[in-house]
Structure formats: C-alpha cells, structure tokens
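Asks: Below: one structure in structure tokens.
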Amino acid sequence: MTSGGGARAKMTESPIMAPLRALFIRELKIGQRIGGGGPLGVVFFLILVTLTPIAVGPDLALLAKIAPAMLWIGALLACLLGLDRLFQADFEDGSLDLFLLSGTPLELIVLTKCLAHWALTGLPLVAAAPFFGLMLALPANELGSLTLSLLAGTPALTLIGAIGAALTVSLRRGGLLLSVLILPLCVPVLIFGTAAAGAAPGSMIPFATPFLIECALTLFALVGAPIAAAAALRQMSE
Amino acid sequence: MRLEASELAVERGGRIVFSNVSFAIQSGESLIVTGRNGAGKSTLLRALAGFLPLRGGEVSLTPLLEDSIAENIHYIGHADALKGALTVAENLSFFGALLRSGQGGLSVEDALAEVGLVPLADLPAAYLSAGQKRRASLAKLRIALRPVWLLDEPSNALDAAAQQAMETVMAAHLSAGGMIVAATHARLELAGRELRLGAAT
C-alpha cells in the first residue's frame, strides 16, 4: 500500500483499452510530425545495402550468397536507431509520472509504445527489404522468405531493444550503451532470421523450422520484454 | 476521505532527505508544505505519489475507491508532460484518455476555456510560453476528476490573473471534498495547515 501501485496489474474489462489506444495514436502522431525514425531508418538501411557491393566487389554469386545476412544485419542496426529515445523523452518531460498514475499497468504501456515504434520504424524496413534484396542480387524466389523472416523478427528486435532503452532512460548519451547491451541479446533472432531468410522454397534447407523458432522468439519477447522494461523503468524513474 | 502519512522517511543517493514526517488531512482540507531549498518538498510529493520508495513509514488513503492510491492522485511536478509536436488540445485529450476522464471531468474545450488557452488550442505545445505550458498542465486537474492533488510549485511562471484563477479552482476542489498537498514558496490563498520541512533535521 505504500508505493508503486501500478505493480498490481489488476485487469479490468474494456476501460483498459481506451488509454492504450490513445497512447498508440499519440505515439504515431508524434513520430509522424517529428519525422526521423521511419524514413531515416530506411535511408540508413539503403546506405548499408549500397555499401556492401562496394566493399565486397561486383561478384554477383557471392553477393547473392551473403545477401540475407547483410540485409538482416542492416535491418538490425536500423532498428536500433532511435530506440534510445523510446522512453527518454517521456522520462524527461514528466509523461512517465503520468503513466505511473494512470492506473494502466506500465507493462501494457510499454508494449503499446513498442508496437507504435515498430509500426513507425520496423514496418518500413520490412516493406523496403524486397527492393534492397534485388540490389544485392538476391534470387527472386528468396525475396518472399527474406521479407517474411524480417516481418516476424523485427518486432522482437524492437521489444528486446525496449529493455535496453528502459535501462538507459536516465543517461544522456545512452545510445552506445544501449547497442552494447542489446546486440548480444539479438543473436538468437539473427541466427534463426537469417536461416529462414536464406531458405528458398524447394531448396535443401527447410523454411518452416527456423521461421517457426523465430516466431517463437518474437512471442517470447512480446511477453517477457514489456515486463522487464517496465521493471527497469520503475527502478530508473526513482 | 482521509489521506494519512505516518513517519515517512525517504533516502536519496545515500542521504536521508527527511524522516519522521507525519500528517493527516481530511476531505476538504489542504496542506501547504514549506521549507528551504533542498528540504525535501518535491521529494515528499513524489514519495506520496508513489514514485519514490519509502525508507520507512506508510501512506494510506481511506476509503480506497480505486485499485490503488495512484489512481486517486493528480501530480503536477516541474515537468509539464506536454509533447511539443502535439497541439495543446491533442495533449489535453490524451491526458483525459490516459487518466480515464470518463466520470464527470470537464471536456477539453471547457478546460481550455477555464485556463484561458482556447485561442491556442490548435498550436503545437512547443510554441507555448512557460506560463502557458503551466496552465495547460494545470488543465488536466479539471479534465480528470481525482480527489488528491499533489502540486509542486503550482504557481510557478503563472501571471497574477492565472494565479488567482488557479486559487479559485483549488478552493472549489476543496469545497467539493477534495484534498490538496502543495509545496510552494509563494503565498497561496488557501486555508490550510502548514507542514514545515527541514526544521527538525
């Protein structure tokens, strides 16, 4: 009864959805008006993809072979852009205090913010990936599996990143620390994501096995990451 | 309704900011927290809101209508929680939705009218002056009805007219059975008891 009333996440019926919907719309509006995030992430992704043939050389067979890995690393790095501000702005301007008093569980608020962030930054990356795949001479029949693997994997990257964003919320220059904290945790998603992306239909490697494990990782992050990030935020907001 | 704090102690960065702070206020009463800089006025309000862990003591609100104390509390701190990219009206309607303004709060238009920000409703909040931001922040007190108001320097940056309007709203809140705990250096026209921090330590 003393502190942290939000910790008791007692679910009520539908009234819980209205604040979350308002938060989601607010995040999208802010993201659109401030700009940066989504389009800039795609431009960053494009630059990474453009740099690859310059560095590797114009060997089309080699490019096609490393394309899934390069696209995944590009998407991973592009996903990290802007993640450090995920909670920082709210921490600085007092919105976090408001969230704590709202009566809506902080875990759900974190989840909503992650979904909005993914819609703004992850989704454009997924949409751009097939075109960038063509730039790396990825065979046409692998474009589908690449895009699907990114669609299933990038939410996990945002969610795992949210833990780092919550831990570095009070640090002015937390971006680098965030990357150091988060990138090792992204390794499983990267392993199964690239495995799924490299599996063309009809090839020796099955697509379903790594893809389903990747989906499982995303579902795991969907449940675990908001809890971890909310716990970190409660600690850091002191 | 009764807000009671007994023997509160809060530690920040290894230093005891205050200890043995006790008070109780009933519906319709207010408490003015005073003290020199660094005496722990803001810390006390943040501890009451549940943002800070207590080293000792207890805060209780009886009877508890909502699930937690937090849902009965409005906290106005030094930060305004306004998003510069959103218009004033969008900011306020978000406050309303987040704080569940359903039961009897003012509409965004009425709240804006009360704080005198109607002409600026469609202006991005980034362009507001400090006093106007403060007024927008105070408008959330009226958009969502909550019994306990924790106000940290509420009159900061407000001009004389706005300060008077704020005092009228505070008096109305008290006469409707609300409670106010305000930390301030300014002289507030509030009939309330005073809690002086820092004298004991």
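The values are calculated or read from the model by the stated rules, or taken from the named source; none is laboratory data. Note that this is a predicted model, so its numbers are computed, not measured. In this analysis, Cβ positions are derived from the backbone assuming ideal geometry, glycine residues included, and neighbour counts consider all displayed protein chains. Accessible surface is based on the protein model in full, side chains and every heavy atom, while ligands, DNA and RNA are left aside. Shrake-Rupley method; radii C 1.70, N 1.55, O 1.52, S 1.80 Å.
Asks: Name the helices (runs of 4 or more DSSP H) wholly within the range A:77-161 that hold at least 1 residues that are away from chain B (no Cβ under 14 Å), among the hydrophobic types (A, V, I, L, M, F, W, C) and open to solvent by less than 40 Å² (accessible area, probe 1.4 Å)?
Replies: A:106-117, A:123-135
Asks: Output the residues belonging to the range A:18-27 that are open to solvent by less than 50 Å² (accessible area, probe 1.4 Å) and more than 8 Å from every other protein chain (Cβ to nearest Cβ).
Replies: Passing the criteria: A:LEU20, A:GLU27.
Asks: Continuing with the same structure: Here are some conditions: (1) open to solvent by less than 20 Å² (accessible area, probe 1.4 Å); (2) without any contact (Cβ under 8 Å) to a residue 60 or more places away in the chain. B:LEU151 meets all but one. Which one does it not meet?
Replies: All conditions pass for B:LEU151, except number (2).
Asks: On the given criteria, is B:ILE32 within 28 Å of A:ILE30 (Cβ to Cβ) and of a type outside the set (Asp, Glu)?
Replies: Answer is no for this residue.
Asks: Can you pull out the residues in the range B:43-65 that are surrounded by 18 or more Cβ atoms within 10 Å (Cβ to Cβ) and more than 10 Å from chain A (Cβ to nearest Cβ)?
Replies: Once the filter is applied, which keeps residues that are surrounded by 18 or more Cβ atoms within 10 Å (Cβ to Cβ) and more than 10 Å from chain A (Cβ to nearest Cβ), the range B:43-65 yields B:THR43, B:LEU44, B:LEU45.
Asks: Being closer than 30 Å to B:ALA47 by Cα, basic (Lys, Arg) and free of Cβ contacts under 8 Å to residues at least 60 places away in the same chain is true for just one of A:ARG173, A:ARG234. Which residue is that?
Replies: A:ARG173
Asks: Picking from B:GLU114, B:GLU109, B:GLU90, B:GLU71, which residue would you name as being within 11 Å of chain A (Cβ to nearest Cβ), more than 19 Å from B:VAL181 (Cβ to Cβ) and open to solvent by 20 Å² or more (accessible area, probe 1.4 Å)?
Replies: Among B:GLU114, B:GLU109, B:GLU90, B:GLU71, only B:GLU90 is within 11 Å of chain A (Cβ to nearest Cβ), more than 19 Å from B:VAL181 (Cβ to Cβ) and open to solvent by 20 Å² or more (accessible area, probe 1.4 Å).
Asks: Of the residues B:ALA126, B:ALA136, which is surrounded by fewer than 20 Cβ atoms within 10 Å (Cβ to Cβ), within 13 Å of chain A (Cβ to nearest Cβ), among the aliphatic types (A, V, I, L, M) and not in a loop (DSSP other than H, G, I, E, B)?
Replies: Being surrounded by fewer than 20 Cβ atoms within 10 Å (Cβ to Cβ), within 13 Å of chain A (Cβ to nearest Cβ), among the aliphatic types (A, V, I, L, M) and not in a loop (DSSP other than H, G, I, E, B) holds for just one of B:ALA126, B:ALA136, which is B:ALA126.
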